[in-house]
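Beneath this line is the structure, given in structure tokens, with notes to follow.
The values are calculated or read from the model by the stated rules, or taken from the named source; none is laboratory data. Quantities reported herein were computed from a predicted structural model and do not represent experimental measurements. Cβ placement follows ideal geometry from the backbone for every residue including glycine, while neighbour counts extend to all protein chains displayed.
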Amino acid sequence: ATTAAKSHKTHQTHHTLQLSSLLPATICTPATKEDNYNEGLLKVVHKNGPCARLHQQDQATGSPTDDQLLEQDQSRVDSIHYRLSNKLSPHNVQQTDGTTLPAKSGSVVGSGNYIVTVGLGTPKRDLSLIFDTGSDLTWTQCQPCARSCYSQKETIFDPSKSSSYANVSCTSSSCSDLTSATGNTPGCASGSSTCLYGIQYGDQSFSVGYFSKERITLTRSDVFDGFLFGCGQNNRGLFGGAAGLLGLGRNKISFVQQTAQKYNRVFSYCLPSVSSATGYLSFGSGGKVSSSLKYTPLSTISLGDSFYALNLVGISVAGTKLSIPPSVFTSSGTIIDSGTVISRLPATAYSALRSAFRQQMTGYPSAAAVSILDTCYDLSSYSSARIPKISFFFGGGTVVELDPQGILYVVRSTQVCLAFAGNSDDSS
Amino acid sequence: VTIFGNTQQKRLQVVYDIGGGRIGFGPASCS
């Protein structure tokens, strides 16, 4: 009876993981047949994994190292903090602009990102876009790439070959909406009076071009005419072969808001556990919902109109709630972001989490830190490992138990790290 | 600000119901 009780408690408080399951495979294992992606449902793949159409190019050009990915992730977090602490003075976009936009007005998109494929134009061209809940403007590189285009896997979109493409006028209200969506005041092309957008991300990546309307196709039954997007003529940055970005933020011009009539501002996604598997991005409330789905209220965050904020109130490790004063979380607020790889916690909360995690992992040899990850283990001589469960407590009594893959970041079997990082202080 | 990043969202169904003012979480296989 004692053994059974111990075993039960272990099951409640720890995961036992086969280490081979943590390492990504080199072959894509799609969860669902391609044909089943319909009715507002898109396949999600990791940008650098074998399921991405961009993967071949990554192999040729070399995927970023884990150090580079984590550094880019830190740049994204720095830019989010910057956006939330400084309301930028809008900058005027000129037709020849590109390198003079204010830095850190957006978020870094080059780190560990997930992509979906959508169709643009008539006839439609398939484009792989990074999906980002932390920004609003959807854009893609466009011919004739008047100034500059980076290398992308698919053919660059050519508006002159589409019968449904139209420019947006400088005087239209949608042109003015760009100011809040990008942090930059739109420009006006001399002669054509076409609205010009500019967006720059925290790592100096940017896109500048024509603000336009076009038909966007998710599936055969999900087609939207007059979708507002950026047709980039000057684009540079760490987009890893993706054709652009799908903005899923809260602003008026985000994909979510533009398709509100059909999908009623409801969307969901599931991110795969490893980069060799697929997930999904689904729009509307018609899709399958997890039977144990729990809701927490959506809130807002000061100066962060684009972000989805929620109330984090506590964290538990191995079934024990950490002793963290609620004010530690409430003073700075919490956002959920599909583009940030590693969760960032207030310094006090991270310190408590790390300490509890280390206490549970004393049986394993430690390993050198990797970039922002300071708690790593050498698990190369183990076939399985026992790691403590971690749960997040959100407002409204919602408890979210993290998947084991959400607790660890595996660089290699000799460096398996706690996948959390701390902010420099509680008020940041 | 605290950020709930994408590693921690793996194998969760994350539902954004903006009109309803709520976000849902549930365990999922992604299939």
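Exactly one residue out of A:Leu228, A:Leu298, A:Leu218, A:Leu245 is modelled with pLDDT of 90 or more, within 14 Å of chain B (Cβ to nearest Cβ) and not in a helix (DSSP H, G or I): that is A:Leu298. Return yes when A:Ile315 is in contact with a Leu (Cβ under 6 Å, 6 or more places away or on another chain), among the β-branched types (Val, Ile, Thr), within 17 Å of B:Gly5 (Cα to Cα) and modelled with pLDDT of 90 or more and no when it is not. Yes: the conditions hold for A:Ile315.
Just to verify a result, which residue in region A:332-350, among those that are among the hydroxyl-bearing types (Ser, Thr, Tyr) and not in a helix (DSSP H, G or I), is nearest to A:Asp136 (Cα to Cα)? Walk me through how you get there before you give the answer.
Step one: of region A:332-350, the residues among the hydroxyl-bearing types (Ser, Thr, Tyr) are A:332, A:334, A:338, A:340, A:343, A:348, A:350.
Narrowing the set further to residues that are not in a helix (DSSP H, G or I) leaves A:332, A:334, A:338, A:340, A:343.
Details: A:Ser332: 22, A:Thr334: 19, A:Ser338: 13, A:Thr340: 15, A:Ser343: 21 Å.
Looking at the filtered set, the residue picked out is A:Ser338.
Applying the set (1) buried (at least 24 other Cβ atoms within 10 Å of the Cβ); (2) assigned to a loop (DSSP other than H, G, I, E, B) to A:Tyr197 leaves exactly one unmet item: (2).
Of the residues contained in region A:290-303, none is found to be crowded, with 17+ Cβ neighbours inside 10 Å, touching an Asp or Glu at 6+ places or on another chain (Cβ under 7 Å) and closer than 23 Å to A:Asp337 by Cα. When A:Val44 is tested against (1) in a helix (DSSP H, G or I); (2) at pLDDT 80 or above, only condition (1) is not met.
In the condition set (1) basic (Lys, Arg); (2) more than 8 Å from chain B (Cβ to nearest Cβ); (3) closer than 29 Å to A:Ser174 by Cβ, A:Arg250 is compliant with all but (2). Of all residues in region A:265-295, those being more than 25 Å from A:Gln405 (Cα to Cα) and either at pLDDT below 85 or at the interface with another protein chain (Cβ under 8 Å from one of its Cβ atoms) (or both) number 4.
Residues of region A:320-331 being assigned to a loop (DSSP other than H, G, I, E, B) and free of Cβ contacts under 8 Å to residues at least 24 places away in the same chain, which ones?
A:Pro325
Selection of region A:410-428 for residues being surrounded by fewer than 20 Cβ atoms within 10 Å (Cβ to Cβ) and at the interface with chain B (Cβ under 8 Å from one of its Cβ atoms) yields only A:Ser428.
State whether one or more residues within region A:142-160 are more than 14 Å from chain B (Cβ to nearest Cβ), closer than 25 Å to A:Cys270 by Cβ and either touching a strand residue (DSSP E or B) at 6+ places or on another chain (Cβ under 7 Å) or not in a loop (DSSP other than H, G, I, E, B) (or both). Scanning region A:142-160, I find at least one residue that is more than 14 Å from chain B (Cβ to nearest Cβ), closer than 25 Å to A:Cys270 by Cβ and either touching a strand residue (DSSP E or B) at 6+ places or on another chain (Cβ under 7 Å) or not in a loop (DSSP other than H, G, I, E, B) (or both), so the answer is yes. If you filter region A:21-38 down to residues that are within 17 Å of B:Cys30 (Cβ to Cβ) and hydroxyl-bearing (Ser, Thr, Tyr), you find that the one that is modelled with the lowest pLDDT is A:Thr32.
The residues of region A:312-349 that are out of contact with any Phe, Trp or Tyr (no Cβ under 6 Å at 6 or more places or on another chain), more than 17 Å from A:Tyr82 (Cα to Cα), more than 7 Å from chain B (Cβ to nearest Cβ) and not aliphatic (A, V, I, L, M), listed by number, are A:Ser316, A:Gly319, A:Thr320, A:Lys321, A:Ser323, A:Pro325, A:Pro326, A:Ser327, A:Thr330, A:Thr348. Scanning region A:394-409 for residues that are out of contact with any Cys (no Cβ under 6 Å at 6 or more places or on another chain), surrounded by 19 or more Cβ atoms within 10 Å (Cβ to Cβ) and in a strand (DSSP E or B) yields A:Phe394, A:Thr398, A:Val400, A:Leu408. Please tell me if A:Ser316 is farther than 29 Å from A:Arg386 by Cβ and either assigned to a helix (DSSP H, G or I) or in contact (Cβ under 8 Å) with a residue 60 or more places away in the chain (or both). Answer is no for this residue.
Would you confirm, using the coordinates I've provided, whether A:Gly339 is closer than 26 Å to A:Asp78 by Cα, surrounded by 18 or more Cβ atoms within 10 Å (Cβ to Cβ) and not polar (S, T, N, Q)? Walk me through it before giving the result.
Working: closer than 26 Å to A:Asp78 by Cα: yes; surrounded by 18 or more Cβ atoms within 10 Å (Cβ to Cβ): yes; not polar (S, T, N, Q): yes.
Criteria met by A:Gly339.
Give A:Ser306, A:Ser366 a once-over and let me know the one that is over 14 Å from B:Phe4 (Cβ atoms), of a type in the set (Gly, Ala, Ser), modelled with pLDDT of 95 or more and touching a helix residue (DSSP H, G or I) at 6+ places or on another chain (Cβ under 9 Å).
A:Ser366
Of the residues examined, A:Ser174 is one that is out of contact with any helix residue (DSSP H, G or I) (no Cβ under 9 Å at 6 or more places or on another chain), closer than 13 Å to A:Phe229 by Cα and among the small types (Gly, Ala, Ser). With the structure loaded, tell me whether A:Leu373 is at pLDDT 95 or above and either out of contact with any Gly (no Cβ under 8 Å at 6 or more places or on another chain) or more than 14 Å from chain B (Cβ to nearest Cβ) (or both) or whether it fails that test. Criteria met by A:Leu373.
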